[in-house]
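Below you'll find the structure, written out as structure tokens, and then a few comments.
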Amino acid sequence: MATSYKLEVGVVKKGAHLRSSGKLKDEALLWGMALSMMAMLLTALPVLALEEASKPRLDEVARRGAEVMPFSLEQSTHIFTKTEKGGLQQVIVKEIPNTEQVKLIQVHLSKISREFAQGDFSDPARIHGEDMPGLAELRKAKPGEITIEYKELRNGAQINYATDDPALIEAVHQWFDAQLSDHARHAIPGHTDHPTHAR
């Protein structure tokens, strides 16, 4: 006969409590399950909390973006994947073949990756504004503090940002969140278990 257990997790002032309706042979296992569930919920909260910018803001960012980025926002998707060391930014075409747009994406991301490596984040500032979250911290980074690697993809291109500095990792994450909010019509969050959307 199988024994069933009821797991209740609750916050009690300075800790959590667990209650079971049956005898536990392995309380550590129960605690591990509870902590794993709480960690999954806390990990999902930043994605759930991300708010899309207002319609006027989305329109303004799209207008400014068209002045800075040579490729079509309507024919492409931005993917921002936060990683433990920073993040992976990809821009890919929505449909293949689209050789013209792929080339425009590659030219632009190659250009900005070189600029970013020199601390020049003027293109994102022109699109999103000087007060863009994370931008000031990224501009202050010393050369080499953030490794910025450009790579061509068959359907676009990507830039990987990696650092060991926790403040700069947080700056990259804030910067990605701001871009996801401002490019909501043309951007999606990536997933660390499947970071590459190359086709």
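Nothing in this text is a laboratory measurement; each read-out follows from the coordinates by a stated rule. Since we're looking at a predicted model, the values are computed, not measured. Here the Cβ is made from the backbone with ideal geometry for all residues, glycine too, and neighbour counts use every protein chain on show.
Modelled label-to-label distance, Ala136 and Thr192, 7 Å Cα→beta-carbon offset: nm?
2.7 nm
Quote to one decimal, in nm, the extra length available between Glu51 and Ala167 on full extension: 0.36 nm per residue of separation minus the C-alpha distance between them.
Working: separation 116, 0.36 × 116 = 41.76 nm, distance 2.27 nm.
Length gained, Glu51 through Ala167: 39.5 nm.
What FRET efficiency, computed as 1/(1 + (r/R0)^6) with R0 = 25 Å and r the Cβ-Cβ distance, is obtained for Glu149 and Glu60, rounded to the nearest 0.05? Could the numbers behind the result be given before it?
Working: r = 31 Å, r/R0 = 1.23.
With R0 = 25 Å, the Cβ-Cβ based efficiency is 0.20.
By the gyration tensor of its Cα atoms, with a ≥ b ≥ c the square roots of the eigenvalues, what is the shape of the stretch 125-199: rounded for a/c under 1.5, prolate for a/b over b/c, or oblate? Write down the numbers at each step before the final one.
Values: a/c = 1.78, a/b = 1.23, b/c = 1.45.
The shape class here is oblate.
Under a 5 Å amide H to amide H cut-off, with H placed in plane at 1.01 Å, what residues pair with Ile188 once short-range neighbours are removed?
His78, Ile79, Phe80
May I ask for the net charge around Phe176, where only other residues with Cβ less than 12 Å from the Cβ of Phe176 are counted and Lys, Arg are +1 while Asp, Glu are -1?
Values: positive: Lys82; negative: Glu170, Asp177, Asp182.
It works out to a net charge of -2.
At 7 Å along the Cα-to-beta-carbon direction for both Glu115 and Ile96, put a label point, then send me their distance in nm to one decimal.
Result for the modelled spin labels: 2.8 nm.
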